[in-house]
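Shown next, in structure tokens, is the structure this report addresses.
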Amino acid sequence: MDLVSGNARAKNALYLGESQVGAGFNTAIYIYGSSAYRAALSYDGATGKVVYQGAGGTQGLQLDTSARSVLFTGGTFTTVSASETSYGNAHIDETATWNTSTGKFWGIRQRITDTNSLPTSLLIDLKATPGGQFVVRKDGYVGINTSTPGYSLTIDGVTGATEDALFISPSTDGTSERAALSLDNWNIGQDYNADGTKNFYIKDTASSTARFFIDKQGNIGIGTTAPSSSIHLTSGNFTQTVGSNPIHAGSYASSTVMANPNGIAVSGKYAYVVSGANFSVLDISNPNNPTYVGTLADSPSTLLTGAYSVAVSGKYAYVASPAESGIEIVDISDPANPTHVSSIEDSGSTLLSGAISVYVSGKYAYVSSNGENGVEILDISDPTNPTHVGSITDTAGMLLGGPGGLYVSGKYAYVTSNNENGLEILDISDPANPTHVGSIADSGSTILSGAISVYVSGKYAYVASASSTENGIEIIDVSDPTNPTHAGSIAETAPASIYVAGKYAYVASNSSTDSGVEILDVSDPTNPTNVASIVDSASTLL
């Protein structure tokens, strides 16, 4: 140990001096290792800075740069200067060695507490090149793959990307909703079925109603979460716009099995036609080329002579035959080979004489009987054994004389009266005891003379009428079934049948000079208008 000027020194090891303590050197609070393992910790009395500096500046913690209050230097700056101050007080500088040799990484580039910069300035900017970017602006906007988010969350896609820009990972518990996105009063998501399949929905959260729903089979529900067909609309109307006159698509003719067709019903890709004494099936999956599939001809065991009307429900077809005064039930599960299942004829307990029209709803078939001026209700829950349930005949105050067209909606049956020129409404809530509710007869303001066909949509009944005095379509407001009232009407030539879909009514006309189909716009029921038509020609069968 040497004593020099009041100081104590252990050569090359320990130095004690006034206001100085050194290890390996005589600088204040300075620890200095050998050149091979050089590192230093020092205090600069003039600047007030404490420095820990690694050998060659390759690693260490340093507080001697005025540009930053805290500076971590882990290597040579590549693009950021030590004198740059625009990025704030806390800064991790980029280097060429973070992530990959070709990539660069920026850390936190702005003060988290920032009172001086613009609202659009970035508080956080994480970026990899090549790669993505994540930023948080002072105003709270967040950007992914963009440094200029224009919304609370902005996600920019990547050119040439092979994956989705946004992916919401599903839950893994197998029971809860899988993924959802809420937008104000709307919820878009995917939920989970017990068998592992998933449904897609768009829901109105204000009413918890699914406005749009796709189930695991691909069926689309509008207003329902239980679609039973490819497109299932509940509590609403379907709007179809007619842009021009309808054109001929295809036809099928046969002088044997299709002679004098009277009635047709369509279900799926098949059309079921009754004509003469035959029940025939056509494949209409290609409308341009309908093809014959199969026929059931009348025989001693069937009631198909003079078959006039047909209704289809499930795998059965129900045929009304006025000539045979009864109902024939046909199994159509094999369309190429329709077969007789059972039949029921007029008897002392039924009203089936002159059965001219049939409508099926649920487990009941409703039949208008022209020969007995009434309506018969049959229980068809067992198709092999249809049975009488109830009936009602024309009496004073009713309009069931010469009943023709019949339509069921809810708890009401709507029946046209050809003989009494009007529309009868029956309450069928108790099928064993149908009762008169209301009726409307032809008058100076209506077109109901020779009423022959009826279709009900919403609160309106559309009636086709043809007689020697007037021909046309009558629209009736049936919102109060006890008091049906005239809404609107339009003259047509010999209308025979009517069908309504959305805001259009389709009318089949049977005239020696004007046979064809007329399309009416009924969006304003008080003022139906002609939209388009197609008439019989050399290329059509109208």
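Scanning the range 311-337 for residues that are surrounded by 21 or more Cβ atoms within 10 Å (Cβ to Cβ) and either under 44 Å from the mean Cα position of the chain (by Cα) or among the charged types (D, E, K, R) (or both) yields a count of 14. Please identify the pairs in which a residue from the range 312-327 that is over 20 Å from LEU351 (Cα atoms) has its Cβ atom under 8 Å from the Cβ atom of a residue that is of a type outside the set (A, V, I, L, M, F, W, C) and modelled with pLDDT under 95, counting only partners at least 6 apart or on another chain. Note: pairs meeting the criteria are VAL312/SER267.
The set of residues from the range 429-462 being buried (at least 23 other Cβ atoms within 10 Å of the Cβ), in a loop (DSSP other than H, G, I, E, B) and among the aliphatic types (A, V, I, L, M) comprises ILE447, LEU448.
If you go through the range 492-513 and keep only what is out of contact with any Phe, Trp or Tyr (no Cβ under 9 Å at 6 or more places or on another chain) and among the hydrophobic types (A, V, I, L, M, F, W, C), you end up with ALA494, ALA496.
Of everything in the range 483-501 that is small (Gly, Ala, Ser) and free of Cβ contacts under 8 Å to residues at least 40 places away in the same chain, the residue that is farthest from GLY472 (Cα to Cα) is ALA487. Among the residues of the range 413-425, those that are over 13 Å from ILE392 (Cβ atoms), touching a residue at least 40 places away in the same chain (Cβ under 8 Å) and not in a loop (DSSP other than H, G, I, E, B) comprise TYR414, THR416, LEU423.
SER489 meets each of the listed conditions (1) closer than 17 Å to SER457 by Cα; (2) within 34 Å of the chain's Cα centre (by Cα); (3) part of a strand (DSSP E or B) apart from (2). Out of all the residues in the range 300-337, which are under 16 Å from SER275 (Cβ atoms), hydroxyl-bearing (Ser, Thr, Tyr) and in a loop (DSSP other than H, G, I, E, B)? Within the range 300-337, THR302, THR305, TYR308 meet the criteria. If you check SER509, SER489 for being hydroxyl-bearing (Ser, Thr, Tyr) and over 24 Å from ALA413 (Cα atoms), only one passes: SER509. Of all residues in the range 471-492, how many are buried (at least 18 other Cβ atoms within 10 Å of the Cβ) and more than 28 Å from ILE428 (Cα to Cα)? The number of residues fulfilling the criteria is 4. From the set of residues in the range 270-296 that are in contact with a Lys or Arg (Cβ under 8 Å, 6 or more places away or on another chain) and free of Cβ contacts under 8 Å to residues at least 40 places away in the same chain, which is surrounded by the most Cβ atoms within 10 Å (Cβ to Cβ)? Looking at the filtered set, the residue picked out is ILE284.
Among the residues of the range 382-432, the ones that are of a type in the set (D, E, K, R) and more than 39 Å from the chain's Cα centre (by Cα) come to 2 in all.
The values are calculated or read from the model by the stated rules, or taken from the named source; none is laboratory data. Since the structure is predicted, the reported quantities are computational estimates derived from the model, not experimental observations. Cβ: placed from backbone, ideal geometry, glycine included. Neighbour counts: every protein chain shown.
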